[in-house]
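Novice: After the structure tokens below, expect a handful of questions from me.
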Amino acid sequence: VLVELPLEPWEAALGTKVAVPTLGGTVELTIPAGAQSAQKLRLRGRGLPGSPAGDQIVSIKLVTPAADSAAARAAYERMKHELNFDARANWPQL
């Protein structure tokens with residue numbers, strides 16, 4: 001069983017606990033700090049029933065807020081200048 005879990009950027013960066021639906025009911029999943037989009041977390045025994053029960057895989061999907069206001073744009077500009085971050089630093093050069 002695979003479920004995609006939408007996370008806010010600060011939840012992924014800082015870590016959090018999120019209620020996740022499973023076939024057997026909702027469980028609380030701990031998201032580690034520094035989680036990345038497409039990262040997969042396993043909920044052992046929470047997938048299809050059986051002997052043994054299957055696992056449920058939770059795939060993280062980062063959802064970024066729109067820069068649709070002056071305040072939102074300013075927040076992104078502050079992050080751009082204050083964080084020493086380059087998403088393509090290890091990307092292959094052609």
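Novice: Using a probe of 1.4 angstrom, how much of the accessible area of the range 6-94 is carbon and sulfur, in percent?
Specialist: Result for the range 6-94: 56 percent of the exposed heavy-atom area is carbon or sulfur.
Novice: For residue 7, what residues show an amide H to amide H distance below 5 Å, using hydrogens built from the backbone and excluding near sequence neighbours?
Specialist: 61, 62, 63
Novice: How large is ³J(HN,Hα), in whole Hz, for each residue of the range 9-24 in order, when computed from phi with the Karplus curve 6.51 cos²θ - 1.76 cosθ + 1.60 and θ = phi - 60°, using x for Gly and Pro?
Specialist: After applying 6.51 cos²θ - 1.76 cosθ + 1.60, I find x, 5, 5, 5, 5, 8, x, 6, 10, 10, 6, 10, x, 10, 4, x Hz.
Novice: If you don't mind, another one. 5 Å is the cut-off here: which amide hydrogens, built 1.01 Å from N in the peptide plane, fall below it relative to residue 53, excluding neighbours closer than 5 in sequence?
Specialist: When sequence neighbours closer than 5 places are left aside, there are no close amide H contacts.
Novice: Add +1 for every Lys or Arg and -1 for every Asp or Glu among the other residues with Cβ under 13 Å from the Cβ of residue 52, and state the total.
Specialist: +1
Novice: Something else now. On C-alpha positions alone, give me the angle between the axis of helix 70-82 and the longest principal axis of the chain, in degrees, nearest 10.
Specialist: Around 90 degrees separate the two axes.
Novice: Can you work out the FRET efficiency for the pair residue 48 and residue 28, with r the C-beta to C-beta distance and R0 = 25 Å, to the nearest 0.05?
Specialist: With a Förster radius of 25 Å, E is 0.75.
Novice: Karplus couplings for the range 38-47 from phi (6.51 cos²θ - 1.76 cosθ + 1.60, θ = phi - 60°), rounded to Hz, Gly and Pro as x?
Specialist: 6, 5, 10, 10, 9, 9, 5, x, 10, x
Novice: While we're looking at this one, here's another question. For a paramagnetic label modelled at 7 Å from the Cα of residue 4 toward its Cβ, which residues of the range 25-59 fall within the zone defined by backbone nitrogen distances under 16 Å?
Specialist: Residues 36-41, 57-59 fall inside that zone.
The values are calculated or read from the model by the stated rules, or taken from the named source; none is laboratory data. Everything numeric in this text was worked out from a predicted model, so none of it was measured. No Cβ is skipped: glycine too gets one built from the backbone with ideal geometry, and neighbour counts run over all protein chains shown. In case anyone asks, the SASA skips ligands and DNA or RNA and just uses the protein heavy atoms, side chains included. Shrake-Rupley method; radii C 1.70, N 1.55, O 1.52, S 1.80 Å.
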